[in-house]
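See below for the structure under consideration.
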């Protein structure tokens, strides 16, 4: 397959239908609610086994979905690097680090730090791709870094080592996702993202299962209706279903608008954790939320003003 067979991934129309906005809202809501849901599941399942069940169930659903649509095919050889990148960094590493971190800190704070991804993408483009930031983006990056410091400060001042480790793991998870975003931007697609998705989730689930067996042993899970319901929500719904929505809606919505909309995920994750898990919002978290969200909005909107988006897949 030559370069002429590459797939172009673009958005199609600057106007957004109410139906697409509704789907986007559902996706953001489900992703946000998945954070407290995962925190609850961690009371019954270890982090690596929970990650395995999440992507294993999502992979099964996607294999069925693409098979019914007649789109289930082996991936092109040229797409193997992006399969490995998404599987091992965005799915396996991001999720495993996030779940382990949530055994040390609250789900709301975890969602906030995990979604600092655009901040690290901006830094990667400067350091690795040698692309300068606009002044507004530079200010946004500084605000984001200050927000992270504010969120970290209670753990640092109180010497809470477990919480510090959890915060660092979440920033590492965000960095893994950022690397994938940059890779996706540079990759020339030979298969559609939907065709690759079940293979990516399978490739993330299998190593997770192997590592879980080695480090945690065979799981001893006390099954009940609540746990099964939460696992169905986390895997088939919040992972598989939302992935399909993001692909469908993402083709018709400007990528910057899509990225800004997903900033609702950590906000929903934070407040739903307060509602369902009785987590408290401290002054440090409140100030950190404002600084980080303002930073991310600034980073994402600045390119749109010039008609350029570093998150547009072309």
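Counting pairs of alpha carbon atoms under 8 Å apart in space and at least six apart in sequence, what relative contact order in percent does the stretch 16-305 give?
Values: 376 pairs, mean separation 125.2, N = 290.
Once divided by the residue count of the stretch 16-305, the mean separation gives 43 percent.
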Of 248, 107, 238, the one that fluctuates the most in a GNM where the chain has Cα springs shorter than 10 Å: 248
Distance (nanometres) between label positions extended 7 Å along Cα→Cβ at residue 126 and residue 19: 4.3
Per-residue [θ]222 nm for the chain (sum of -39500 (n - 2.57) over DSSP H runs n ≥ 4, rounded to 500): -22500 deg cm²/dmol
The stretch 233-289-the stretch 23-91 distance, computed between alpha-carbon centres (Å): 15
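When 218, 142 are ordered from fewest to most other Cβ atoms inside 10 Å of their Cβ, what list results?
Values: 218 8, 142 13.
Arranged by neighbour count, lowest to highest, 218, 142 become 218, 142.
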Potential lengthening between residue 215 and residue 26 on full extension [0.36 nm per residue; Cα-Cα distance subtracted]: 64.4 nm
Gain upon complete extension [residue 164, residue 77; 0.36 nm per residue less C-alpha separation]: 27.2 nm
Point-to-point label distance, residue 297-residue 153, nm (Cα→Cβ direction, 7 Å offset): 2.1
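A short reminder: the numbers here are calculations on the coordinates, not readings from a lab. Note that the structure is predicted; figures quoted are calculated from it, not measured. Positions of Cβ are backbone-derived with ideal geometry, glycine not excepted, and every protein chain shown enters the neighbour counts.
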